[in-house]
Amino acid sequence: MALRVDSLKGEIIEKVVGAVRTKLSGKKAAAAETFVRRFYENVAPGDIVSEDAEDLYGAALSLWNFAAIRQPGEAKIRVYNPQFDRDGWHSPHTVIEIVHTDMPFLVDSVTVNLSRRGLAVHQVIHPIFAARRDRRGKAIRFSAPQDAGADAVRESCMHMQIDEQPDDATLKNLEAGLRAVLADVRAAVEDWPSMRQHIVEEIERLKKNPPKLPKSEIEEGIAFLTWLYDDHFTFLGYRELSFTGRGKNARMEVVPNSGRGVLRDPDVPVFDGLRNLGAQTPEVRAFVRQPKLLMIAKANQRASVHRSVHMDTIAIKLFDKKGKVVGEQLFVGLFTSTAYSETPTEIPLLRKKVAAVVRNAGFDAGSHDGKALNHMNEEYPRNTLFQSTQEELTEIAQGIVRLQERQRIALFLRRDPYERYISALIYLPRERLNTRLRRAFDTILARALNGTVRAFYTHVADEPLDRLLFIVKTTPGAVPDFDRAEIEQRLVEAARTWEDRLKQALVENLGEARGNQLFNKYESAFPSGYREAYSAQTAVFDIVRFEEAFSSGALGMNLYRPIEAEDHEVSFKIYNVGDAIPCPISCRGSKTWA
């Protein structure tokens, strides 16, 4: 079957090439044929055989014509809805064409931006050419990258098809957004060497002229910066900040001309509102200016380059001769996949933090609890591990280890030092996890913490408990005092099923031994209609009557008036072992539970 599809692709491409030879002539036809073959070379056969050859011809020739003239360093972008009478070909989708100097992160940054806008991407074709151009930017030849000479420039030619956009204003807005993304990509890639050089210079400065901090902190800081440099961090931006003023007059000022990458523009924020330190709470001001060499946090802004996640920030504090914090060098970017896959016991800063947590917990390394703690450290959300203090981790770790095999819901909260968000880590039995419950948790956390849930992450492993991580955005200075245990109990109540309430009611009314025995017997006995109509307490009453009917074989009856019934209304239940009892005319409209 695969060979057949590959063969069909080849046949269709030959039809497209045939159209090129028919409609063009001479050198122009030869150049277009080379472009077309390279354009479709790595496209999946399934994306080719489902298209009409005429449309494939139009898509390729359109991009070829668009790429014909390009000035050095220019980012060419076109977003349009192809129409046959105007463009010579047709597509049911909106088409994006981009011609850009080839560099890392182009395609994924564009697709991330489209995804953030909620646009479905139907097709992505992105061949790389070695383009040779004359002084006016006119293309002389498009070749495969490996065939290029020294006078050629590697260019990425992108063709994407997305959900059709309805009007010119939307198309222009989309084009402007993509142009901004490509500008960020270029800035990050062009300034990447200088940002890495800043790390090298800072390592040398700490070795030769360290601030007045504990020697172990300096050594671990140097090790961490070296680790970052060794391809564990994708550097996207850099700037230097100076701290001025005190108290209500405190400010964080961007040092002129220090910006690199996505932070070239000094007005681009990293932490919303934090530059005006005087407007922050005294606790936030004290945290920012604490004499600590390194601080790791999450930016308020999502990355426009590579991945659509909140950027990681690395701040290296700057000290004066008296040991006072006077500023910081701030790097923004993304930890690489390697950084997330390495064990915390081998990552500088984390290794000391994890070792202290194990030591403070007091568990023997070879014991059951000790092994559970080590497993927790490996599986714990890496971003939270970087940002948490040793004290916070110790408290949370001990709570998680105490959970172990217990089938219950547990909540662990951590406040962002800048009061921008609270992370809520929830463990719950695997069978309870569903969309309804996740949304219920979302509502409970938002109300209790006076915030908005901005993100959630699910971790499902081969363990009794699954894990949910919620990021609740809060307002600095307006974070309420909260009781973790009270919020946890609300989560527990939201997750309680009718069966949970039945078990509790049976145990409370009949004792633990008898209650558990009857729960095992009747857990799945009640249909959904009964569960919707009657409470668990009512079910306990009925179960007792069931048991009496089973033991005696006699017919059981119950005449009662529900609390919501009118004065002239009563309800009547019959408990019978065996076949259902036919309902007389007088009780039509009532329900029979088998």
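Look at (1) closer than 30 Å to Asn276 by Cβ; (2) surrounded by fewer than 16 Cβ atoms within 10 Å (Cβ to Cβ) and you find that Ser423 fails only one, number (2).
Per-residue answers, yes or no, for (1) under 30 Å from Leu225 (Cα atoms); (2) touching a helix residue (DSSP H, G or I) at 6+ places or on another chain (Cβ under 8 Å):
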{"position": "Val95", "(1), (2)": "no, yes"}
{"position": "Gln123", "(1), (2)": "no, yes"}
{"position": "Ala150", "(1), (2)": "no, no"}
{"position": "Glu190", "(1), (2)": "yes, no"}
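Can you find even one residue in region 55-76 that is farther than 20 Å from Ala139 by Cα and surrounded by fewer than 18 Cβ atoms within 10 Å (Cβ to Cβ)? Yes, region 55-76 contains at least one residue that is farther than 20 Å from Ala139 by Cα and surrounded by fewer than 18 Cβ atoms within 10 Å (Cβ to Cβ). Scanning for something in a helix (DSSP H, G or I) and outside the structural domain of Gly261 (by TED's automatic domain parsing), does region 123-137 turn up at least one residue? Among the residues of region 123-137, not one is in a helix (DSSP H, G or I) and outside the structural domain of Gly261 (by TED's automatic domain parsing), which makes the answer no. Beta carbons closer than 6 Å, at least 6 apart along the sequence or on distinct chains, pair a first residue in region 430-450 that is assigned by TED's automatic domain parsing to the domain that holds Glu463 with a second that is surrounded by fewer than 17 Cβ atoms within 10 Å (Cβ to Cβ) for Ala440/Ala494; Ala446/Thr452; Ala448/Phe482; Asn450/Pro480.
In region 268-309, what residues are closer than 14 Å to Lys248 by Cβ, free of Cβ contacts under 8 Å to residues at least 40 places away in the same chain and of a type in the set (S, T, N, Q)? Listed by number, the list holds a single entry, Asn276. With respect to Ile98, determine if the residue is crowded, with 18+ Cβ neighbours inside 10 Å and either modelled with pLDDT under 90 or in contact with a Cys (Cβ under 8 Å, 6 or more places away or on another chain) (or both). Yes: the conditions hold for Ile98.
Taking the numbered list (1) touching a Lys or Arg at 6+ places or on another chain (Cβ under 8 Å); (2) at pLDDT 95 or above; (3) over 23 Å from Asp108 (Cα atoms) in turn, Thr313 passes all entries but (3).
Restricting attention to region 326-350, the residues that are more than 30 Å from Leu178 (Cβ to Cβ) and surrounded by 17 or more Cβ atoms within 10 Å (Cβ to Cβ) add up to 8. Applying a threshold of 9 Å to beta carbon distances and a minimum spacing of six or more residues, or different chains, the list of pairs starting in region 181-207 at a residue that is over 22 Å from Gln301 (Cα atoms) and ending at one that is among the polar types (S, T, N, Q) reads His198/Gln329; Ile199/Thr226; Glu202/Gln329; Ile203/Thr226. When region 397-419 is filtered for residues that are surrounded by fewer than 20 Cβ atoms within 10 Å (Cβ to Cβ) and in a helix (DSSP H, G or I), the ones remaining, listed by number, are Gln398, Gly399, Val401, Arg402, Leu403.
The residues of region 559-586 that are surrounded by 10 or more Cβ atoms within 10 Å (Cβ to Cβ), modelled with pLDDT of 70 or more and either over 17 Å from Ala533 (Cα atoms) or of a type in the set (D, E, K, R) (or both), listed by number, are Lys573, Tyr575, Asn576, Val577.
Of the residues Leu114, Leu174, the single one that is in the same structural domain as Glu33 (by TED's automatic domain parsing), hydrophobic (A, V, I, L, M, F, W, C) and assigned to a helix (DSSP H, G or I) is Leu114.
Among the residues making up region 344-388, those that are out of contact with any strand residue (DSSP E or B) (no Cβ under 9 Å at 6 or more places or on another chain) and not in a helix (DSSP H, G or I) are Ile347, Pro348, Gly362, Phe363, Asp364, Ala365, Gly366, Ser367.
Residues that are charged (D, E, K, R) and either in contact with a helix residue (DSSP H, G or I) (Cβ under 7 Å, 6 or more places away or on another chain) or within 13 Å of Ile543 (Cα to Cα) (or both) were ranked within region 494-508; the one that is surrounded by the fewest Cβ atoms within 10 Å (Cβ to Cβ) is Arg501. In region 367-378, the condition of being over 26 Å from Arg496 (Cβ atoms), without any contact (Cβ under 8 Å) to a residue 24 or more places away in the chain, small (Gly, Ala, Ser) and out of contact with any His (no Cβ under 9 Å at 6 or more places or on another chain) is met by at least one residue.
A single member of Gly26, Gly46, Gly88 is within 21 Å of Ser143 (Cβ to Cβ), at pLDDT below 90 and in the same structural domain as Phe142 (by TED's automatic domain parsing), and it is Gly26. The residue that is nearest to Lys322 (Cα to Cα), among those in region 208-233 that are without any contact (Cβ under 8 Å) to a residue 24 or more places away in the chain and surrounded by 14 or more Cβ atoms within 10 Å (Cβ to Cβ), is Pro210.
Yes/no per residue for (1) modelled with pLDDT under 90; (2) in contact with a strand residue (DSSP E or B) (Cβ under 7 Å, 6 or more places away or on another chain):
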residue	(1), (2)
Pro256	no, no
Gly259	no, yes
Pro269	no, yes
Leu274	yes, yes
Gln280	yes, no
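Applying the criterion of at least 3 residues that are without any contact (Cβ under 8 Å) to a residue 40 or more places away in the chain and under 39 Å from the mean Cα position of the chain (by Cα) to the helices (runs of 4 or more DSSP H) found wholly in region 478-563 leaves 484-495, 498-510, 528-533.
Cβ-Cβ distances below 8 Å connect the following pairs, each with a first residue in region 114-140 that is touching a residue at least 60 places away in the same chain (Cβ under 8 Å) and surrounded by fewer than 18 Cβ atoms within 10 Å (Cβ to Cβ), a second residue that is part of a strand (DSSP E or B) and not β-branched (Val, Ile, Thr), and a separation of six or more residues or different chains: Arg116/Arg302; Gln123/His159; Gln123/Met160; Gln123/Gln161. The set of residues in region 443-471 that are surrounded by 13 or more Cβ atoms within 10 Å (Cβ to Cβ) and of a type in the set (Gly, Ala, Ser) comprises Ala446, Ala448, Gly451, Ala455.
Quick grid of which residues meet (1) of a type in the set (Asp, Glu); (2) closer than 19 Å to Val332 by Cβ:
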residue: Ser216; (1), (2): no, no
residue: Asp231; (1), (2): yes, yes
residue: Glu240; (1), (2): yes, yes
residue: Gly245; (1), (2): no, no
residue: Arg251; (1), (2): no, no
residue: Asn257; (1), (2): no, yes
residue: Leu263; (1), (2): no, yes
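A single member of Asp47, Asp87 is surrounded by 14 or more Cβ atoms within 10 Å (Cβ to Cβ), of a type outside the set (Ser, Thr, Tyr), free of Cβ contacts under 8 Å to residues at least 40 places away in the same chain and in contact with a strand residue (DSSP E or B) (Cβ under 8 Å, 6 or more places away or on another chain), and it is Asp87.
The values are calculated or read from the model by the stated rules, or taken from the named source; none is laboratory data. Everything quoted here is computed from the prediction, not taken from an experiment. So basically every Cβ, Gly included, is an ideal-geometry build from the backbone, and we count neighbours across all protein chains shown.
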